[in-house]
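Structure record follows, encoded as structure tokens.
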Amino acid sequence: TQLGYMRGGFQHLYDSLAEHVQQAGGKVLLGTRVEKVEQQNGRWRIESSQGSWTFDRVVSTFPTRLTCRMIPALPESYRAQYDWGQAYGAHCLILSVSKKLTDSYWINICDRGYPFTGLFEHTNFRLPAEYGGRHLLYLGSYRAMNDPLFTMSKEEVMAEYFPALKRIIPAFDETLVTESWAFHAPFAQPIVTTEYKDHIPPLNTPLEGLWVANMFQVYPHDRGQNYSLALAEKLVKQLLS
Ligand SMILES: Cc1cc2nc3c(=O)[nH]c(=O)nc-3n(C[C@H](O)[C@H](O)[C@H](O)COP(=O)(O)OP(=O)(O)OC[C@H]3O[C@@H](n4cnc5c(N)ncnc54)[C@H](O)[C@@H]3O)c2cc1C
């Protein structure tokens, strides 16, 4: 197995994917919240923050738990089997700093005394020139989804992280930070236990025309977008057969 890096980041892949969908006559709606998915006269009606539509088939790519929440028609037996297990949320603080701070790309931090579990100096892997001359440092953390970290402002997170960062890199000083970004996402890391595989839903569901395909079906490997693509290929084969 080899680790690959898409020069310029994954955004290229998403932009190209959206372009292909549009060229094939599809629409991509960003910033649109799906609120309800229900059966209506043998078809599927989707209610969203931008309006409602009706389709012959629906593929839900939400985490299985959200799919169950959004589709009241899914039977109890399906929920008992697949609306199951726990996941962590992910938090990423990205700093643009005015100079190189470590000699490493990737430092795992498995120490309860630190508020983040990974420190990645991305521009030790790719050159700062690829990012407008920025030196990019990324501090990552996986936590329970109700952890206060997910409701903290970026400034509060930086106030908590910076003293710990300084313990690892004594040369770090917050005046070196020229830009910063904070991102977080729920359901970012399924917690895989020994019973996990018995609770992975198949791609089809007991409801005609409803399919599910998401990261929680990636097994036994850890999540990765290469596996998402493989899952999509498998789904398309089944949809067209
Ligand atoms: C910190 C981190 C680093 C990673 N690094 C890599 C990497 O380097 N390489 C790699 O291959 N993989 C990486 N991964 C894994 C990769 O991100 C996942 O495997 C992939 O995103 C899973 O895709 P998905 O579509 O199943 O889920 P998601 O990407 O989580 O997509 C689910 C989407 O559903 C949306 N959604 C939820 N509810 C609603 C609603 N009601 N209405 C509308 N939309 C909704 C969410 O906003 C989200 O966009 C990383 C993951 C994390 C957390």
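Quote to one decimal, in nm, the extra length available between VAL59 and TYR14 on full extension: 0.36 nm per residue of separation minus the C-alpha distance between them.
Numbers: separation 45, 0.36 × 45 = 16.20 nm, distance 1.80 nm.
Working it through step by step, the gained length comes to 14.4 nm.
Spin-label point model (7 Å from Cα, Cβ direction): what's the LYS166 to GLN238 distance in nm?
Going by the 7 Å Cα→Cβ label model, 5.3 nm.
Please provide three numbers in whole Å: the alpha-carbon extents of region 87-188 along the principal axes, with the largest listed first.
So the extents along the principal axes, rounded to whole Å, are 37, 26, 23.
Which of PRO163, THR54, GLY85 sits farthest toward the positive end of the charge dipole of the chain, with +1 on the Cβ of Lys and Arg and -1 on the Cβ of Asp and Glu?
Farthest along the dipole direction, towards plus: THR54.
Can you give the local net charge around SER153? Use residues other than it whose beta-carbon is closer than 15 angstrom to its beta-carbon, Lys and Arg +1, Asp and Glu -1.
Values: positive: LYS154; negative: ASP147, GLU155, GLU156, GLU160.
Value of the local net charge: -3.
Expressed as a whole number of Å, what is the distance separating the alpha-carbon centroids of region 81-108 and region 139-167?
11
I'd like the distance between the alpha-carbon centres of region 1-25 and region 49-74, rounded to an integer number of Å.
That distance is 24 Å.
Counting only helical runs of four or more DSSP H residues, what would the 222 nm mean residue ellipticity of the chain come to if each run contributes -39,500 (n - 2.57) and the total is spread over all its residues?
Numbers: 5 runs with 58 residues, N = 241.
So the helix-based figure for the chain works out to -7500 deg cm²/dmol.
Indicate the gyration tensor shape class of region 12-105 (rounded, prolate or oblate), computed on the Cα atoms with a ≥ b ≥ c the square roots of the eigenvalues: a/c under 1.5 is rounded; otherwise a/b larger than b/c is prolate and the rest oblate.
oblate
Place the peptides 91-97, 43-49 in order of packing, highest mean first, counting for every residue the other Cβ atoms within 10 Å and averaging per peptide.
Listed from highest to lowest mean packing, they are 91-97, 43-49.
Rounded to two decimals, what ratio of Rg to Rh does the chain give with C-alpha atoms and a Kirkwood Rh?
With Rg and the Kirkwood Rh in hand, the quotient comes to 1.01.
What residue among GLY89, GLY25, GLY51 has the largest mean-square fluctuation in a Gaussian network model of the chain, using Cα springs under 10 Å?
Fluctuation is largest for GLY25.
Between GLN2 and ALA129, what is the FRET efficiency for a Förster distance of 30 Å, r being their Cβ-Cβ separation, to the nearest 0.05?
Efficiency, from the Cβ-Cβ distance: 0.80.
For a Förster distance of 25 Å, can you work out the FRET efficiency between the beta-carbons of ASP198 and TYR227, rounded to the nearest 0.05?
0.80
Return the inverse of the average 1/r over all pairs of distinct C-alpha atoms in region 81-143, which is the Kirkwood hydrodynamic radius, in Å to one decimal.
13.2
Between ALA87 and residues 5 or more places away or on another chain, which pairs have amide H atoms under 5 Å apart, with H built 1.01 Å from N, and which residues are they?
Answer set, sorted by chain and number: ILE191.
Over the chain, calculate the relative contact order: mean separation of alpha carbon pairs under 8 Å at least 6 apart, over the residue count, as a percent.
The normalised contact order for the chain reaches 22 percent.
Which lysines have a Cα less than 30 Å from the Cα of LYS166, not counting those fewer than 8 places away in the same chain?
Excluding near neighbours in sequence, the set is LYS99, LYS100, LYS154.
Between GLU35 and GLN22, how many nm apart are label points set 7 Å from Cα along the C-beta direction?
For the pair GLU35/GLN22, the computed spacing is 2.7 nm.
Here, each number is a calculation from the coordinates, and none is a lab measurement. In this text the structure is predicted, and so the values were computed from the model without any measurement. All Cβ positions, glycine included, derive from the backbone under ideal geometry; neighbour counts span all protein chains shown.
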